[in-house]
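Asks: The structure that follows is given in the form of structure tokens.
Just so it is clear, none of the values below were taken in a lab; they were calculated from the coordinates. Since we're looking at a predicted model, the values are computed, not measured. As a convention, Cβ positions derive from the backbone with ideal geometry for all residues, glycine included, and neighbour counts pool all protein chains shown.
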Amino acid sequence: DAGVTQSPTHLIKTRGQQVTLRCSPKSGHDTVSWYQQALGQGPQFIFQYYEEEERQRGNFPDRFSGHQFPNYSSELNVNALLLGDSALYLCASGRTGTSGTIGELFFGEGSRLTVL
Amino acid sequence: AQKITQTQPGMFVQEKEAVTLDCTYDTSDPSYGLFWYKQPSSGEMIFLIYQGSYDQQNATEGRYSLNFQKARKSANLVISASQLGDSAMYFCAMRERDSNYQLIWGAGTKLIIKP
């Protein structure tokens, strides 16, 4: 049973460019959330997708956008990259229960983005 | 105000000793969950243990246990009989009922196990 998979694992971009990161959730999971983890810090919540809609969003500008596909996989897009966007981007998946709550979250190994 | 505080940036512990990693939290939501994750150098966040705010007993998972003191708003992780493979970053995180989808994270503690 494959866990959460993310691609690419590493990438280098220059300021002003755009990047797309991809995430496939764990089998049976329907919810995907994205986190940004700057070096030496804890992760920060970007947004969460369920049923192909953004359900909640953290304190991130509109340059950060996402999408969830019918197969529950997800993309994170960042436009007009800044040096400060350099970070590890983590994807987490979970299963939504009948009450609407989400159980345990499983994380991928992340995509490490470097902006030069 | 910080919602999750981990006051130990780094710790060195001798192999086979027990170690306690501190975590305090701040919330007004009566329903919340507390998590501990391990992050090795590979980057993946590995779930260790979970404690719900209404759970009567402290959570345990193998060598991991959570010392939950609700009145003090602390949720310390205890690792018994530490192993070299326990060397990693450890993060405490909280999920509030009203923010069902997001985890709020502490800054982490870097744990190094010495042989």
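Asks: Around B:Ser53, with a cut-off of 15 angstrom between Cβ atoms, what is the net charge of the other residues, counting Lys and Arg +1 and Asp and Glu -1?
Replies: +1
Asks: While we're on this one: Taking H placed 1.01 Å from N in the peptide plane, check which residues at least 5 places from B:Ser31 or on another chain put their amide H under 5 Å from its amide H.
Replies: Sorted by chain and number, the residues that satisfy this are B:Arg97.
Asks: I would also like to ask the following. Over all residues in A:45-55, what is the mean tally of Cβ atoms on other chains that come within 10 Å of each residue's Cβ?
Replies: Mean shielding count: 2.
Asks: Let me ask something else. Report the antiparallel proportion of the DSSP beta bridges in chain A as a percent, rounded to a multiple of 5.
Replies: Roughly 90 percent of the DSSP beta bridges within chain A come out antiparallel.
Asks: With an 8 Å cut-off on Cα pairs and a minimum separation of 6 or more residues, tell me the relative contact order of the range B:12-108 in percent.
Replies: Normalised by residue count, the contact order of the range B:12-108 is 35 percent.
Asks: Here's another thing I want to ask about it. Which net charge results when you count Lys and Arg as +1 and Asp and Glu as -1 among the other residues whose beta-carbon is under 10 Å from that of B:Gly106?
Replies: Overall, the nearby charge balance is 0.
Asks: Further, regarding this structure: With Cβ to Cβ distances under 11 Å as the rule, what net charge do the other residues near B:Glu17 carry (K, R +1; D, E -1)?
Replies: 0
Asks: Same structure, new question: With labels modelled as points extended 7 Å from the Cα through the Cβ direction, what inter-label distance (nm, one decimal) is found for B:Phe47 paired with A:Asn79?
Replies: My value for the distance between the label points is 3.5 nm.
Asks: Considering the Cα trace of the protein assembly as shown, what is its radius of gyration and what is Dmax, both in angstroms?
Replies: 17.6, 52
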